[in-house]
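Here is the structure we will look at, set down as structure tokens.
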Amino acid sequence: MKRYIAILLSILLLITPIFGCDTGSSDDDNSSDSLLPEYDGDYGYDFERAFAAFPPDIVMIYAGDYTVTWEELFVHLMINIINYTGGMSYHIDWDQNPFEGSDEVDLTVYTETLEDYIMHFSVGDALIQEATYYGASLMGISITDAEMAELMLEIDEMTEFFGGEEAFLALLWDEGFPNIEIFTEFYITNFLKTKIYEEMFGKDLELLTDEQIDEFVNQEGFMLTKHIFRFVPTHPRSGSDDPKGFLEDILVQLDEYDGDDFDAFFDELMYEHSEDTGMFEQYPDGFLFLYDEMFEGYSRATDELEIGEYSDIVTADYGYYIIYRIPVTYDIIPEGHQWDLMQPDKTLREAVAQSMFDYTFDIWRESLPLTFTPEFESIELDEIFIWYGLE
């Protein structure tokens, strides 16, 4: 499948499909009156009317020599609102605390409203767009005329592939892009970010050194383990009345091993006796994680081990572990990325590159002096995203 399909999907995956949105084509006239249709749905948010709150090209933020317009900010607002709410299919209380009901956030300390929260992240995301151009200028990277012509051709091909301009516009609007022009801008920026990434790390990450990865691993505290696990006797998958005693026998075998391939010996015992079969399927080369991604006993026991050492029996509510700590390798998928729906197969090497890439962009973004216009200061999300119909 052509590259433009993959890039389109990667952009669209940032946003959950919108509910209650009229996806018909809009008039070419960008005047306020032409973009204020009457809402004719039973209930939901009128996104076309929300977009019409300001002229599309009005400047909301000056970021150094760059600007963020309303249509740019609107896309990021849509992304963050929909990702937070899972589709905006219900009436949102913009004055509520975004972490209400969470045990992990002290609500007496974090007192911002959902509107503050959404605006904060939307502005930050919009400024990444401008940081892309700023960083490209610092690195002397630009899009050539030939590349731009190819990008425009790909937009035309996408339009045709998805059924013509009206159908493509409907698809884009469903995903938060109010017109093809703003999608094209995102598409071009995405291409420029790819050029920056490849300049920094190479197409196959050949410019990312082992020393850089090691520094990242040590700084973040990644640990790689394998383990032999047995369930408590009351668990339906338990195969032993005395799982702890069973593992004590395994420890004796490990202690008495005097061969020259302990790794293979541990694997043999693990595959034969461990009841954590998911370990074999999901982490055949080991379980790569950060301290706070596992329960305290597992993480603490691993942290106390040197590379090549194995633990005594570690107790959890549901069973018992013998943990074997092994050297971190670069092409294992970290636990934090196992369930990342956006990038489920990102290896440690790729995660390091992405982290360094994001850190660089944060520096570029923070280097841009910001001026917020009166139009930006007048934004009230509860007056822009209006719920119609049932409460």
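We did not get these values from a lab; they are worked out from the coordinates using the rules stated. Model, not experiment: these values are computed from the prediction. Cβ sites come from the backbone with ideal geometry, for glycine too, and all protein chains shown count toward neighbours.
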message: Between segment 128-150 and segment 48-95, what is the separation of their alpha carbon centroids in Å?
response: 24
message: Students often check this: by mean Cβ neighbours within 10 Å, which of 198-206, 246-254 ranks highest, and how do the rest follow?
response: 246-254, 198-206
field: Fewest-first ranking of Y283, Y359, Y197, using other Cβ atoms within 10 Å as the exposure measure
entry: Y359, Y197, Y283
- prompt: Out of F161, F201, F191, whose Cα points farthest toward the positive end of the dipole of segment 89-242 (charges: +1 Lys, Arg; -1 Asp, Glu; placed on Cβ)?
  reply: F201
- line: Taking segment 223-326, the equivalent ellipsoid from its C-alpha gyration tensor has semi-axes in Å, biggest first, of 19, 17, 13
Least to most buried among L138, L114 (fewest other Cβ within 10 Å first): L138, L114
query: lysines near K346 by alpha-carbon distance under 28 Å, same-chain residues fewer than 8 away left out - which ones?
result: K2, K193, K195, K203, K226
message: Test of understanding: ordering F287, F231 by Cβ neighbours within 10 Å, fewest first, what list do you get?
response: F231, F287
